1. Compare each residue of segment B:96-137 in its chain alone against the assembly with all protein chains, and report those whose accessible area goes down by 20 Å² or more; 1.4 Å probe, heavy atoms.
2. Work out from phi, with θ = phi - 60° and the Karplus expression 6.51 cos²θ - 1.76 cosθ + 1.60, the ³J(HN,Hα) of each residue of segment B:115-123, listed in order in whole Hz, and give x for Gly and Pro.
3. Starting from the amide H of B:Leu139, placed 1.01 Å from N in the peptide plane, find each other amide H under 5 Å away whose residue is 5 or more places distant or on another chain.
4. Compare each residue of segment A:54-85 in its chain alone against the assembly with all protein chains, and report those whose accessible area goes down by 20 Å² or more; 1.4 Å probe, heavy atoms.
5. Run the accessible area of segment A:30-91 with a 1.4 Å probe and give the carbon-and-sulfur part as a rounded percent.
6. Chain pair B, A: how much accessible area is buried, both chains summed, with a 1.4 Å probe, in Å² to 100?
7. Just the number please: accessible area per residue for chain B, 1.4 Å probe, all protein chains included, in Å².
8. Could you work out the helix-only [θ] at 222 nm for chain B, with each DSSP H run of four or more residues adding -39,500 (n - 2.57) and the total divided by the number of residues, to the nearest 500 deg cm²/dmol?
Amino acid sequence: MRARLALVAALLLALLAPAAGAAERASLIEIEKQVMCPVCGTLLQLAESPQAQRERVFINRLIDEGKSEEEIKDTLVVEYGDEVLALPPDSGFSLSAYLVPIVAFLIAAVALMIGVLRWRRAGGDDGGPGSRVGGPSGEDSERLDADLARYDL
Amino acid sequence: MLAVVGLLVFGLVSKGSSGLAVGEPVPNQPLPRLEGGGTGSLADYRGRWVLVNFWASWCIPCRAEAPALEDFQRQHGGSQFTVLGVDTRDLSGDGRAFVREYEVGYPQLRDGDGDAAHEYGTTGVPESFLVDPRGKLRLHAVGPVDEEYLSEQVAPLLPGGSS
């Protein structure tokens, strides 16, 4: 029984270990989606210029050295500056690239909410066709009652 | 909303670059040296004529002009003139390999993020800017320079006159 358990455990380890190793290894295809070709002004993934080819060779060399994705991106920033990153870093002034849309969304949501609340407080209806709030005026109400009485069976 | 619009306008204005005109002062912000560490700048050469040459190791025309620039430096380089290379938007290792391969002896700075090239208003590489001893632009060459350009356009402006 023990021997069987040990065999199963060994098989599981053998199956899982390469998968874990592969997950840690950086991939050129993944990095290409996250960094720019500084000369072309496009994602490296889309670039075919000589500079882009050099950048790919450089990334491959770092992958072969066992560098992680983050380490490779950090090295590219040292070489080319922050602009090599397709997404700006989440620190310093670049943080505004993430914060401004959120703040703008929140301001718009609050403004919309305040607008709706004011509209509802003011009656929420302009008394136009199809209006249900307040019902018909006195004269109309009497005429309506008279009409309904005529149809009363 | 105004802040967002302001940021967009700032971005557009700061991205736009009309390039330098002859007679204008030339930017001289410090840049890392390509080899040896530390920083250098055009200001280090104030009082000399300087041919600022933007290049990159991946640029094929830059390979063509490197020997001509090196020859010109050997003939005219000294207390009154120097070529100053600026390796732009390039990998530092590739840039250093280029310098060794073409046996370039004049000083080299590194502009990895391309900010200096942008300030000069370059449209690509190579581009060369002849700066006078007061730091003002005297000549601007888009594309590779050759012996003919250097001897006919640059040399006559240097102290001593002709090539």
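The values are calculated or read from the model by the stated rules, or taken from the named source; none is laboratory data. Keep in mind that this is a model prediction, so the values were computed, not measured. Protein only, heavy atoms only, side chains kept; ligands, DNA and RNA dropped before computing areas. Shrake-Rupley method; radii C 1.70, N 1.55, O 1.52, S 1.80 Å.
1. Those are B:Arg110, B:Gly112, B:Asp113, which lose 20 Å² or more relative to the chain on its own.
2. Result, ordered by residue: 4, 5, 4, 5, 4, 6, x, 5, 10 Hz.
3. Amide H to amide H, under 5 Å and 5 or more residues apart or across chains, B:Leu139 pairs with B:Leu130.
4. With the partner chains in place, segment A:54-85 has these residues losing at least 20 Å²: A:Arg54, A:Phe58, A:Glu79, A:Tyr80, A:Glu83.
5. Values: 1640 of 3180 Å².
Here it works out to 52 percent.
6. 1300
7. Working: 7830 Å² over 163 residues.
I get 48 Å² per residue for chain B.
8. Numbers: 4 runs with 47 residues, N = 163.
Counting only the DSSP helices, I get -9000 deg cm²/dmol.
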